[in-house]
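One structure is given here, and the rest of the page talks about it.
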Amino acid sequence: MEQAAGSAQDAGSAPVCFRHPDRETGVRCTRCERPICPECMVSASVGFQCPDCVRGGSGTGHAPQASRPRTLAGGTVTSDPRLLTKILIGINLAVFIAVQADRSLLEHLVLIGQWPPRPFTPTTGVADGEWYRFVTSMFAHEEYWHIGFNMLSLWWVGGPLEAALGRARYLAVYFVSGLAGGALTYLIASPTTASLGASGAIFGLFGATAVLMRRLNYDMRPVIAMLVINLFFTFRFSNIAWEAHIGGLVAGVVTGFAMVHAPREKRSLVQYGTCAAVLVVTVAVALVRTAQLT
């Protein structure tokens with residue numbers, strides 16, 4: 001439902017997106033001047049346009065079909081902006097159910113540097129070539145409270161971020177953050193300490209969300225409060241891999257900044273180039289630690 005300009009809503013509170021009335025926003029379409037949220041923002045030569053104006057005409061003399069709706073970061077606007085978030089949650093839940101059915105699976109999924117410690121042989125872990133553990137550990141949970149907290153966070157933070165970035169860019173931030181968190185854990189933590197969970201990737205989403213909110217001039221207090229609370233619990237309890245949280249957060253901030261601040265003419269190069277650079281650093285860290293252990 002559209003809101004008429006100059007209505008009581010406009011005068012009494014922050015404007016809301018004309019396509020999503022439950023979302024406040026400070027951004028308006030440069031053509032029709034209706035309020036639009038991050039999901040509805042389509043990058044234009046100046047500012048952002050709403051999907052309706054893009055479908056009606058590009059405003060540049062090109063045919064309407066030449067300009068497809070785009071997100072703030074340049075991704076394609078989709079009918080289900082939370083699809084990948086749902087898939088990620090589904091994968092995590094499927095792995096959790098499998099682990100509950102057979103606890104021995106954890107031995108092959110967790111992130112562990114090397115076990116047993118020297119001089120015992122043979123050993124297993126990342127140091128012995130099992131690099132797949134960086135990925136499998138991102139989807140493995142052992143306790144109900146752990147997966148419950150992580151999946152709620154993924155839904156609350158990941159869904160809006162996926163809508164704002166687009167699927168490919170969102171997935172890149174997720175995996176780069178998760179891998180960076182695993183690499184820092186591998187580097188700093190004891191090689192015989194096993195870690196698991198999606199927390200590194202989710203902290204990366206927190207970091208990217210903070211950058212996005214700053215870019216849109218939104219109120220930063222909610223996301224800052226959420227980060228402070230999560231960091232408090234990270235360092236308050238000894239059985240939490242704080243290295244994964246910090247590594248993921250830093251990677252999320254770096255890649256998130258590239259996603260929302262990349263110049264339009266070199267957008268994809270800057271965005272995916274930054275992700276590639278973070279991955280190179282991640283691999284370098286893992287190689288250094290492997291050399292130390294072997």
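Selection over the range 255-280 of residues that are in contact (Cβ under 8 Å) with a residue 40 or more places away in the chain and either within 14 Å of the chain's Cα centre (by Cα) or part of a helix (DSSP H, G or I) (or both) gives a count of 14. The single condition among (1) surrounded by fewer than 15 Cβ atoms within 10 Å (Cβ to Cβ); (2) assigned to a helix (DSSP H, G or I) that Arg118 does not satisfy is (2).
If you go through the range 174-230, how many residues are at positive phi and of a type in the set (Gly, Ala, Ser)?
Number satisfying all stated conditions: 1.
Among the residues of the range 206-223, are any of a type in the set (Gly, Ala, Ser) and farther than 23 Å from Leu88 by Cα?
No, there is no match, as no residue in the range 206-223 is of a type in the set (Gly, Ala, Ser) and farther than 23 Å from Leu88 by Cα.
When Thr185 is tested against (1) within 17 Å of Gly247 (Cα to Cα); (2) without any contact (Cβ under 8 Å) to a residue 60 or more places away in the chain, only condition (2) is not met. The single residue among Ala201, Ala164 that is touching a Leu at 6+ places or on another chain (Cβ under 9 Å), farther than 30 Å from Glu107 by Cα and assigned to a helix (DSSP H, G or I) turns out to be Ala164.
Every number in this text was worked out from the coordinates using simple rules, so none of it is lab data. Not measured: the values here are computed from a predicted model. Don't worry about glycine lacking a Cβ; one is built from the backbone with ideal geometry, like all the others, and counts go over all protein chains shown.
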